[in-house]
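Student: Okay, here's the structure, questions in a sec.
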Amino acid sequence: MLRSRIDAAIDSARSLAAGATFPLPDFAGWSRDEWLGQVDRLGPTLSRGLGWDVTDFGRGDFARYGLCLCTIRNGRVADVDRSTAQTYAEKFMVIEVGQETPFHLHPRKTEDIINRGGGVLRVEVHPADGVRLGSGSTTTLVDGIETRVAAGEGILIRPGQSIQIPSGVFHRFWAESERVLGGEVSAINDDDNDNVFLEPFPRYATIEEDAPARYLLVGEYAGILGS
């Protein structure tokens, strides 16, 4: 992805949040230099993967396949055995019309995908047959109500609604006719190890530096942390 396209997506996401009166954490507005100037004290923040993530899933067509999101709280897998561990995560997402987050599953994480405003969100779920789409149905929760969803059935999630995605279930989603201010509340988010894509997409975008970078992305944290 072009760096200029990434930064423009973040600008747009911040404007959407402000217009919807959905305040984001201060770090969502930090410049790249502000992040890098505080690395000594931000180790726990970086290791939790808090911050902006803009990806085209390696497809090179952000309008068709992509997502802009900000992880605003998250625990650490390394801490899960501690009684005081943070065991949950939350994301703010901007889902554009026809912009698909492609089929993937999480072996460990259960999540709620939330429509916080805007248009209608279409979500499809499939049982897994190994690393392929399975048949049958998935029993899940839509607004806390037990719902059986046939493989490939499109569930329309309207503003204020949410759908639970159980661990081990393939799912994909996109906005139908108007972009969606989305959210995710889940168990600890581990994008490096808990994503299985139906097709072997890279999780993070390959970036072409066509302009000076204004924001720092979660996918760049490993280089800063030296891991």
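The values are calculated or read from the model by the stated rules, or taken from the named source; none is laboratory data. What you see is a predicted model, and the numbers here were worked out from it, not measured in a lab. Glycine also receives a Cβ, built like all others from the backbone with ideal geometry; neighbour counts cover every protein chain displayed.
Student: Right, I155: more than 20 Å from F197 (Cβ to Cβ) and aliphatic (A, V, I, L, M) or not? Spell out how you get there, then give the answer.
Tutor: Working: more than 20 Å from F197 (Cβ to Cβ): yes; aliphatic (A, V, I, L, M): yes.
Against the criterion (more than 20 Å from F197 (Cβ to Cβ) and aliphatic (A, V, I, L, M)), I155 qualifies.
Let's see how each residue does on (1) of a type in the set (D, E, K, R); (2) part of a strand (DSSP E or B):
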residue	(1), (2)
T139	no, yes
R148	yes, yes
L156	no, yes
G160	no, no
F173	no, yes
S177	no, no
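Student: Additional query: Give E124, E153 a once-over and let me know the one that is at pLDDT below 95 and on the phi < 0 side of the Ramachandran plot.
Tutor: On the way: E124 fails: at pLDDT below 95.
The unique qualifying residue is E153.
Student: How do the pairs read when you match residues in the range 92-109 that are at positive phi with residues anywhere that are of a type in the set (D, E), using Cβ under 9 Å and keeping only pairs 6 or more apart or on different chains?
Tutor: G98/E176
Student: Find the strands (runs of 3 or more DSSP E) located wholly in the range 77-132 whose residues include 2 or more that are farther than 14 Å from R172 by Cβ and of a type outside the set (D, E), and list them.
Tutor: On the way: elements: 88-95, 101-105, 111-118, 121-129.
Because the criterion is at least 2 residues that are farther than 14 Å from R172 by Cβ and of a type outside the set (D, E), the strands (runs of 3 or more DSSP E) in the range 77-132 that meet it are 88-95, 111-118.
Student: Let me ask something else about it. Would you call W52 in a helix (DSSP H, G or I) and crowded, with 18+ Cβ neighbours inside 10 Å? It would help to see each step written out before you state the result.
Tutor: On the way: in a helix (DSSP H, G or I): no; crowded, with 18+ Cβ neighbours inside 10 Å: yes.
The answer is no for W52.
Student: Another question, then. Could you please find all residues in the range 100-157 being under 17 Å from L181 (Cα atoms) and of a type in the set (S, T, Y)?
Tutor: Within the range 100-157, T101 is the sole residue that qualifies.
Student: Continuing with the same structure: Do we find that A18 is closer than 24 Å to F197 by Cα and assigned to a helix (DSSP H, G or I) in this structure? I'd like the intermediate steps shown before the answer.
Tutor: Working: closer than 24 Å to F197 by Cα: no; assigned to a helix (DSSP H, G or I): yes.
For A18, the condition - closer than 24 Å to F197 by Cα and assigned to a helix (DSSP H, G or I) - is not met.
Student: Moving on. Let me spell it out: the conditions are (1) free of Cβ contacts under 8 Å to residues at least 40 places away in the same chain; (2) surrounded by 21 or more Cβ atoms within 10 Å (Cβ to Cβ); (3) more than 14 Å from the chain's Cα centre (by Cα), and I157 meets all of them except one. Which number is the exception?
Tutor: (1)
Student: In the range 108-133, how many are more than 16 Å from the chain's Cα centre (by Cα) and either within 25 Å of A17 (Cα to Cα) or surrounded by 22 or more Cβ atoms within 10 Å (Cβ to Cβ) (or both)?
Tutor: The qualifying residues number 6.
Student: To continue, here is another question. Would you be able to say whether some residue in the range 77-91 is out of contact with any Phe, Trp or Tyr (no Cβ under 8 Å at 6 or more places or on another chain), closer than 21 Å to L217 by Cβ, at pLDDT below 95 and surrounded by fewer than 21 Cβ atoms within 10 Å (Cβ to Cβ)?
Tutor: In the first step, residues of the range 77-91 are kept if they are out of contact with any Phe, Trp or Tyr (no Cβ under 8 Å at 6 or more places or on another chain); the result is 77-91.
Next cut, closer than 21 Å to L217 by Cβ only: 77, 89-91.
Restricting the remaining residues to those that are at pLDDT below 95 gives 77.
Adding the requirement that they be surrounded by fewer than 21 Cβ atoms within 10 Å (Cβ to Cβ) leaves 77.
So far as the range 77-91 goes, yes, one or more of its residues are out of contact with any Phe, Trp or Tyr (no Cβ under 8 Å at 6 or more places or on another chain), closer than 21 Å to L217 by Cβ, at pLDDT below 95 and surrounded by fewer than 21 Cβ atoms within 10 Å (Cβ to Cβ).
Student: Yes or no: S186 within 27 Å of G130 (Cα to Cα), part of a strand (DSSP E or B) and among the polar types (S, T, N, Q)?
Tutor: On the way: within 27 Å of G130 (Cα to Cα): yes; part of a strand (DSSP E or B): yes; among the polar types (S, T, N, Q): yes.
It is true that S186 is within 27 Å of G130 (Cα to Cα), part of a strand (DSSP E or B) and among the polar types (S, T, N, Q).
Student: Follow-up question, since we're still on this one. For the range 21-43, give me the residue count where each residue is assigned to a helix (DSSP H, G or I) and without any contact (Cβ under 8 Å) to a residue 12 or more places away in the chain. Give the steps one after another, and end with the answer.
Tutor: Let us first name the residues in the range 21-43 that are assigned to a helix (DSSP H, G or I), namely 26-29, 32-36, 39-41, 43.
With without any contact (Cβ under 8 Å) to a residue 12 or more places away in the chain added as a condition, the list becomes 26, 33-34, 40-41.
Residues in the range 21-43 being assigned to a helix (DSSP H, G or I) and without any contact (Cβ under 8 Å) to a residue 12 or more places away in the chain: 5 in total.
Student: Can you spot a residue in the range 26-34 that is touching a Pro at 6+ places or on another chain (Cβ under 8 Å) and closer than 26 Å to D194 by Cα? It would help to see each step written out before you state the result.
Tutor: Of all residues in the range 26-34, those touching a Pro at 6+ places or on another chain (Cβ under 8 Å) come to none.
No.
Student: Give the residues of the range 207-227 that are in a loop (DSSP other than H, G, I, E, B) and either among the aromatic types (F, W, Y) or within 17 Å of the chain's Cα centre (by Cα) (or both), sorted by residue number. Spell out how you get there, then give the answer.
Tutor: Residues of the range 207-227 that are in a loop (DSSP other than H, G, I, E, B), as a first pass: 207, 209-216, 226-227.
Within the range 207-227, Y215, L216 qualify.
Student: Among the residues of the range 182-197, count how many are at pLDDT below 95 and either more than 15 Å from the chain's Cα centre (by Cα) or closer than 22 Å to R116 by Cβ (or both).
Tutor: Total meeting the criteria: 1.
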